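Structure first, then comments.
The values are calculated or read from the model by the stated rules, or taken from the named source; none is laboratory data. Values in this document were obtained by computation on a predicted structure and should not be read as measured data. Positions of Cβ are backbone-derived with ideal geometry, glycine not excepted, and every protein chain shown enters the neighbour counts.
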């Protein structure tokens, strides 16, 4: 998970501050020393880490903080604001052309994930009622064109290609094609190259000069750490990039690239790749990312994920069933299908305020859902609809069919029963005016009103 190591270290530093009550200047400086070390371990550029802690120290030893009733919390607030500022302050949106098509050129090193993220970006834009066109400008890598066709088909987006023709000619022809067929966005997937390869870098300059793209997005593998900063600096000097797409952010526990790129290039991170699926891309919000780093969750992104990835009609039906106490195992299967769309369980929970810091030593295995589904699929349709039919002999059969133990089958049945009782209580409280209003606050948006923690851990 992104920033895991950094979040842990910062958490420890702030815990020490909170334990002291009233702060001295020495306390703040000691905490900032730990923060600087944490940033360096996270692969943040040394100068950036030093400037960051100097700014925080300068603000934190001011009168407002020292005389505050909660000085430690004030320091955390300052760190949050400075982290947000370091990563760009506010989210930077794509620049669209006044007259279509909008041309977006992707560039970056070999293996950074350009082709996949071209398709991810196209799918995201298509969901917002745009008509994107993917363009195969990578004529060097074997099977690059085929790969773009495959991911383009999965995203439901057309792909324009002219084989091994010159990339400049391909880009120009693609724009003419987009105008003819009504595509309002053209995404150029260029060849990966080393930032020291002058020939290929000049080719990018030629493509830029020929098509004058509205956006030049540099695709950077966040796992490369410090090198990502050097890469972004070189590409920016050559092409004057407009923004960055950070890939593999889910696999980078350090997160140094995200904290350094904006400070070095002056260009914003616009998108972040958070997984292998085509839906695993999100708009980069510096303020939300800062909240995640400090263990304060990210409710807004969680709600957006729920709205974008979940079936609203199914969610409403589920909520109604739960309120009417008609929940069965078929409904649980639907619920798990919805949850899976939102990504790994640990990632979902980390976005809930107050939970992120508690997940450090907790092993959350996504296979838990698969195990539960195996048990449910081993039931007959009648058993799923009417759990009261499941007697001891049926439990043994279900356990054998799913490869799980009878104890696990019993636990699952008990959990469904507990959820039904809980919903019954909530319904009765809802009739008593104000008490009923509290129910909505404990619901996870878009998940059919499923209470957070309503399904205990399945081991």
Considering residues of the stretch 1-53 that are outside any helix (DSSP H, G or I) and either modelled with pLDDT of 85 or more or under 24 Å from the mean Cα position of the chain (by Cα) (or both) only, the residue surrounded by the fewest Cβ atoms within 10 Å (Cβ to Cβ): 1
Test result for residue 412, surrounded by 13 or more Cβ atoms within 10 Å (Cβ to Cβ) and either at pLDDT 65 or above or in the same structural domain as residue 328 (by TED's automatic domain parsing) (or both): yes
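Taking the conditions exactly as written (modelled with pLDDT under 95, out of contact with any helix residue (DSSP H, G or I) (no Cβ under 8 Å at 6 or more places or on another chain), closer than 28 Å to residue 274 by Cα and outside any loop (DSSP other than H, G, I, E, B)), does residue 220 satisfy them or not? Don't jump to the end; show me each part of the working.
Working: modelled with pLDDT under 95: yes; out of contact with any helix residue (DSSP H, G or I) (no Cβ under 8 Å at 6 or more places or on another chain): no; closer than 28 Å to residue 274 by Cα: yes; outside any loop (DSSP other than H, G, I, E, B): yes.
No.
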Qualifying residue in the stretch 421-439 (condition: in a helix (DSSP H, G or I), crowded, with 16+ Cβ neighbours inside 10 Å, at pLDDT 65 or above and assigned by TED's automatic domain parsing to the domain that holds residue 340): yes
Test for residue 77: is it surrounded by fewer than 17 Cβ atoms within 10 Å (Cβ to Cβ), at pLDDT 90 or above and not assigned by TED's automatic domain parsing to the domain that holds residue 148: no
Cβ-Cβ under 9 Å pairs, at least 6 apart or on other chains, the stretch 395-418 side on the phi > 0 side of the Ramachandran plot, far side part of a helix (DSSP H, G or I) and modelled with pLDDT under 90: 403/371
Some residue of the stretch 356-379 being at pLDDT 65 or above, out of contact with any strand residue (DSSP E or B) (no Cβ under 6 Å at 6 or more places or on another chain), more than 27 Å from residue 275 (Cβ to Cβ) and not assigned by TED's automatic domain parsing to the domain that holds residue 250: yes
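Residue by residue, here is whether (1) closer than 24 Å to residue 236 by Cα; (2) in contact (Cβ under 8 Å) with a residue 60 or more places away in the chain; (3) touching a strand residue (DSSP E or B) at 6+ places or on another chain (Cβ under 8 Å) holds:
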residue	(1), (2), (3)
165	no, no, no
183	no, yes, yes
187	yes, yes, yes
190	yes, yes, yes
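Give, as residue ranges, the helices (runs of 4 or more DSSP H) completely inside the stretch 223-338 that count at least 2 residues that are modelled with pLDDT under 80 and farther than 26 Å from residue 124 by Cβ. Please lay out each step first, then the result.
Numbers: elements: 226-239, 256-265, 286-293, 299-309, 312-323.
By residue number, 226-239, 312-323.
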Criterion (more than 23 Å from residue 291 (Cβ to Cβ), within 23 Å of the chain's Cα centre (by Cα), touching a residue at least 40 places away in the same chain (Cβ under 8 Å) and assigned by TED's automatic domain parsing to the domain that holds residue 150) met by exactly one of 217, 204, 259, 239: 217
Answer residue from the stretch 54-74, given it is part of a loop (DSSP other than H, G, I, E, B) and touching a helix residue (DSSP H, G or I) at 6+ places or on another chain (Cβ under 8 Å) and is modelled with the lowest pLDDT among those: 68
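Residues 95, 90: which one is surrounded by fewer than 16 Cβ atoms within 10 Å (Cβ to Cβ), touching a strand residue (DSSP E or B) at 6+ places or on another chain (Cβ under 7 Å), assigned to a loop (DSSP other than H, G, I, E, B) and on the phi < 0 side of the Ramachandran plot?
On the way: 90 fails: touching a strand residue (DSSP E or B) at 6+ places or on another chain (Cβ under 7 Å).
Within the list 95, 90, the selection yields 95.
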Restricting the stretch 169-180 to residues that are more than 13 Å from residue 213 (Cβ to Cβ) and without any contact (Cβ under 8 Å) to a residue 40 or more places away in the chain, the residue that is surrounded by the fewest Cβ atoms within 10 Å (Cβ to Cβ): 180
Odd one out for residue 114 among (1) crowded, with 16+ Cβ neighbours inside 10 Å; (2) over 19 Å from the mean Cα position of the chain (by Cα); (3) in the same structural domain as residue 190 (by TED's automatic domain parsing): (2)
